[in-house]
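Structure first, commentary second.
Nothing in this text is a laboratory measurement; each read-out follows from the coordinates by a stated rule. All values reported here derive from a predicted model rather than from experimental measurement. Note that each Cβ is placed from the backbone with ideal geometry, even for glycine, and that neighbours are counted across all protein chains shown.
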Amino acid sequence: MCGLGLVLVGPVMGVLTANGAQAATGADKLAPVDVVEVSGIVDAIVAQSIGESIERSQNNGAQAVVLQFNTKGAVVGRDRMAEIATSIQESKIPVAIWVGPSGSRAYGLPAQLLAVADVTAMAPGARMGRTGTMLTVNGKPLTFGTADDAIYANTLGFLEAREQDVLKFSTDDRGVPVLRNMLFALDGLTIRGTTLDTVADVLDKNGQVIREATTVRFFKLGLMPRLLHTVASPPSAYLLTTIGLALLIFEFFTAGIGIGAFVGSVCLVLGTLGMGALPMSSFGLTLLILAMIAFAIDVQVGVPRLWTGLGLVAYIGASFTMFESVDGMTMRPGWISLMACIVGVALTFIVGMPSMVRTRFATPTIGRENLVGSTGVAVGEVNPEGIVLVDGAQWRARTNRATPLANNAEIRVASIDGITLQVEPLEGAARDYREARKSQ
C-alpha cells in the first residue's frame with residue numbers, strides 16, 4: 001500500500017514485442033478517475049451534484065472518485081449532509097477527498113465528510129476544521145481518529161491534521177499540492193478489496209522511464225446550476241440585491257429609457273434567488289428595505305439630507321445582520337465585499353444619484369423663472385406628480401390633486417419649487433386652498 005508521498009519514479013513495466021523491443025504500458029489503458037469540484041458553500045445544488053457524481057462514476061467505469069474541496073460551510077440541513085455521508089460510505093468504488101489546491105478550505109459540515117471518505121488529503125496551505133457537532137450516520141456519530149476537540153471549534157493545517165490522524169494514508173510532509181500528486185497517491189491502495197491502478201510506467205522517446213497518470217474526467221456544474229450556485233453565495237446575493245434596488249430607485253426618479261430598470265430587475269431577481277437559499281434574518285432584511293426607502297426620499301428632491309444619513313446607517317446595520325450563522329459558521333460576506341458595497345452605496349446616494357437627478361431635470365437652469373406661464377404637455381399621467389415637457393425639456397412636475405393631468409394633456413407652469421414645476425391644466429385649474437386663505 002502506497003502513501004500520499006509516493007516517489008514519482010518506479011520500475012519499468014513493459015512487455016516484449018515480436019522484435020524484442022520493450023513496449024510501454026500506456027496510462028490510457030487504465031480505468032479513469034473522476035474528479036468532482038466542490039467549491040463554495042454547499043447548497044442544495046452542490047449537495048445533489050455530489051450524490052449524482054458518485055452514482056454516475058459507479059456506472060461509467062471509473063475506478064475512483066476524487067472530490068476536490070474548497071468550501072467554508074453548508075446551508076443544507078444536517079439530515080441532507082448525513083445522506084451525502086451515507087452515499088460516500090456505501091459507494092461501490094473508492095471515494096477520495098482532496099482539500100486543494102493551496103489556500104483551499106474545508107469548514108463546517110462539509111469537513112465532516114473527510115471522516116467517511118476512503119482517502120483524504122490536503123494541499124500545503126489548505127485548512128480544515130470548525131466542524132461543529134458531528135453528524136450521525138447509520139446510527140453512529142462520525143469521528144476523526146485521535147483528533148482532539150480542537151478540530152470541532154478551530155482549524156487545522158496539513159501537518160496538524162496529519163498528526164491527529166484526520167487524514168487517511170498520509171505519510172509525507174509535503175502533502176498533496178496538485179491533483180496529479182493525488183492520482184499518484186491513490187496508486188496501489190487496496191480499498192474494499194480492490195487495488196487502485198492509477199499510474200503506469202512508460203518510456204518516452206528517449207527511452208527514459210516516466211510515470212504517467214491515468215485519464216482524469218473532470219465534472220463541474222452546468223451553466224444554469226453554476227449560475228444559481230454562484231448567486232447563492234453571501235457576497236453575490238448581497239451585491240446583486242444592493243445593485244438591483246439602487247438601479248430601480250435611479251430609474252424611477254430619473255425617468256430613464258428602461259435600461260437601468262431592466263438590469264436592476266435582473267440583479268434583484270438573482271439576488272432574491274440567492275437569499276432564498278441562504279439563512280436570512282428578517283430584522284436585517286427589514287433594515288435593508290427601510291434604508292432604500294430613506295434613500296429614495298432624498299433622491300426625489302436631488303439633495304442628500306437627513307434621510308440619506310438615516311438610510312446609510314440602516315444599510316450598514318443591514319449589511320452586518322441580514323445573514324445568519326449556520327452551525328457556528330458565519331454566512332456574512334467578507335470585509336472586502338462589505339466595505340465595497342457600503343462605500344459604493346454612500347457615494348451613489350450622497351454624490352452620484354442626486355447629481356444625476358438634478359442634471360436630468362434642471363436643464364435649462366439659466367432663466368428658468370421665465371418658464372412661469374409657459375405651456376407644455378404631460379409625459380404620462382401627473383397625479384399629483386409626474387413628468388412634463390416644456391420648451392423641449394422634460395421636468396419633474398406637480399399638480400393640484402383636484403386636477404390630475406392625463407397623458408399628453410396641455411399644461412401651464414404656475415410656479416417653480418426648486419427643480420419641480422408646479423403646473424395646472426390650461427382650463428379648469430383648481431384653486432389651491434392655501435391661495436384661498438391668502439385672499440381672505
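Summary of computed values
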{"read-out": "Ordering of 127-135, 260-268, 108-116 by packing [mean C-beta count within 10 Å, highest first]", "value": "108-116, 127-135, 260-268"}
{"read-out": "Rounded to whole Hz, the Karplus (6.51, -1.76, 1.60) HN-Hα couplings of region 306-316, x for glycine and proline", "value": "4, 4, 5, x, 5, x, 5, 4, 5, 5, 4"}
{"read-out": "Built amide H within the under 5 Å cut-off of Ser374, gap 5+", "value": "Val413"}
{"read-out": "Peptides ranked, highest mean first, by Cβ atoms within 10 Å: ranges 402-413, 180-191", "value": "180-191, 402-413"}
{"read-out": "Convex hull of Cα atoms in region 302-343, direction-averaged projection (nm²)", "value": "3.3 nm²"}
{"read-out": "Distance violations [Cα-Cα > 25 Å] among Lys72/Lys92; Lys92/Lys168; Lys140/Lys220", "value": "Lys72/Lys92; Lys140/Lys220"}
{"read-out": "For region 167-253, convex hull of alpha carbons as volume per residue, Å³", "value": "227 Å³"}
{"read-out": "Principal semi-axes in Å for region 90-141 [√(5λ), Cα gyration tensor, largest first]", "value": "21, 16, 6"}
{"read-out": "Spatially proximal lysines relative to Lys205 (Cα-Cα < 22 Å; intrachain offsets below 8 disregarded)", "value": "Lys29"}
{"read-out": "10 °C / 1.306 mPa s Stokes-Einstein diffusion coefficient of region 14-221, Kirkwood radius on C-alpha pairs, µm²/s", "value": "89 µm²/s"}
{"read-out": "Normalised contact order of region 14-221, rounded percent, pairs of Cα under 8 Å and 6 or more residues apart", "value": "24 percent"}
{"read-out": "Value of D in µm² per second that Stokes-Einstein yields for region 272-334, Kirkwood Rh from Cα pairs, at 37 °C (0.692 mPa s)", "value": "263 µm²/s"}
{"read-out": "Intensity falloff of region 225-361 expressed as log10 I(q)/I(0), Debye formula with alpha-carbon point scatterers, at q = 0.10, 0.13, 0.15, 0.17 Å⁻¹", "value": "-0.32, -0.53, -0.70, -0.88"}
{"read-out": "Residues Trp335, Trp98, Trp307, sorted so that the one with the fewest Cβ neighbours within 10 Å comes first", "value": "Trp335, Trp307, Trp98"}
